[in-house]
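As structure tokens, the structure follows; a few thoughts come after it.
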Amino acid sequence: MTLFDTHVHLTDERFDADRQAVIDNFEAEQILGVIEAATDEADSAAAVKLACANARVYAAVGVHPHAAKDVSKDYVNILGRLADSQKVVAIGEIGLDYHYDFSPRDVQQAVFKAQIALAKDLKLPIIIHSREATKDMMDILAAFAPLSGVVHCFSGSKETALESIKLGLHVSFTGSLTFDNARKVQEAFIALPMDRVMAETDGPYLAPVPVRGKRNEPKYVRHVIEKMAALRNMDADEVAKINIENAKALFGVLGE
Ligand SMILES: [Zn+2]
């Protein structure tokens, strides 16, 4: 099975001991590539550096809602300059997180909107983080539609998933699709057309069953794909192929 992990955080300190070894294993594990999603300005620079040093790593640059309160005055220009790199394929991860509320909500919204505008300017897709913020999220997205991008680590309802694809977006699923209490997310997945869904790990977080609790890493995207295949009565290799085609179409990765 050939794999593509559409969202991972390899710059996380949980990869400090073996980051390069994990990346060097991609070929043997049939991982064609990964998208390294950034969380703040410094991490955006680190993501670009990692991508430039490793053919199979692509980067997204952006400020996560948790870090929205800490942006520098010039952050939009800083991200824009980083996005000049050929290996930058998206602006992300960006969005709203009302579960933790690490940044005030008005600040989260302002930083999110500024980065959507940047992405539209640069004609790059966005990678969206949305947690317990559905109403404000959908209002903001609708105001910017049509959009190109993906709602990452989808945790909402079937209705929100279908609304997202109407705005032009893809919807991506992590290991949480494999959990016992995942019925709502599974129903959302089943309701979506296959050309709009993607698989990701969000490593080091959210390791899927049967490796739940371990450090998550790109090779475990296989378990998300296998779950997708089981839920739709499809062949897992076919789902893996569709995941790669969708990642190519949205992010322009993997060349010709
Ligand atoms: Zn993430």
task: Report the full-extension gain for the segment Lys184 to Leu167: residue separation times 0.36 nm, less the Cα-Cα distance, to one decimal in nm.
output: 4.0 nm
message: At most 10 other C-beta atoms within 10 Å and a DSSP loop state: those are the exposed trypsin sites (Lys or Arg not before Pro) I care about. Give me the longest piece of the chain that has none.
response: 124-256
message: Using only the Cα atoms of the range 74-199, what are the Rg and Dmax in Å?
response: 14.6, 44
- request: Sorted from largest down, give the three principal axis spans of the alpha carbons of the range 153-201, whole angstrom values.
  value: 29, 20, 14
message: Given the DSSP H assignment, sum -39500 (n - 2.57) over each helix run of at least 4 residues in the chain and divide by its residue total; what's the result at 222 nm in deg cm²/dmol, nearest 500?
response: -12000 deg cm²/dmol
task: Taking a cut-off of 19 Å between Cα atoms, list the aspartates and glutamates near Lys166, but don't count ones fewer than 8 places away on the same chain.
output: Asp136, Asp139, Glu187, Asp195
message: Taking each pair of distinct Cα atoms in the range 48-147 once, what is the resulting Kirkwood hydrodynamic radius in Å?
response: 13.7 Å
- line: Any lysines whose Cα falls less than 26 Å from that of Lys219, other than same-chain ones fewer than 8 residues away, would be Lys49, Lys87, Lys184, Lys227, Lys241, Lys248
message: Please list, ordered by chain and number, the residues whose modelled amide H lies under 5 Å from the amide H of Gly149; skip anything fewer than 5 residues away on the same chain.
response: Ile126, His170
- request: Could you calculate the contour length gain from Asp106 to Gln30, that is, 0.36 nm times the residue separation minus the distance between their Cα atoms, to one decimal place in nm?
  value: 23.1 nm
query: Hey, any idea what Rg/Rh is for the range 3-251, computing Rh the Kirkwood way over Cα pairs?
result: 0.94
Stokes-Einstein diffusion coefficient of the range 13-54, Kirkwood radius over Cα pairs, 25 °C, 0.890 mPa s, in µm²/s: 219 µm²/s
- request: Determine which aspartates and glutamates satisfy two conditions relative to Lys73: a Cα distance under 12 Å, and not lying fewer than 8 residues away in the same chain.
  value: Glu41
statement: The alpha-carbon center of the range 1-42 and that of the range 160-217 are separated, in whole Å, by 18 Å
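None of the figures in this text is laboratory data; all of them are computed from the coordinates on show. No experiment lies behind these values; they were computed from the predicted model shown. As a convention, Cβ positions derive from the backbone with ideal geometry for all residues, glycine included, and neighbour counts pool all protein chains shown.
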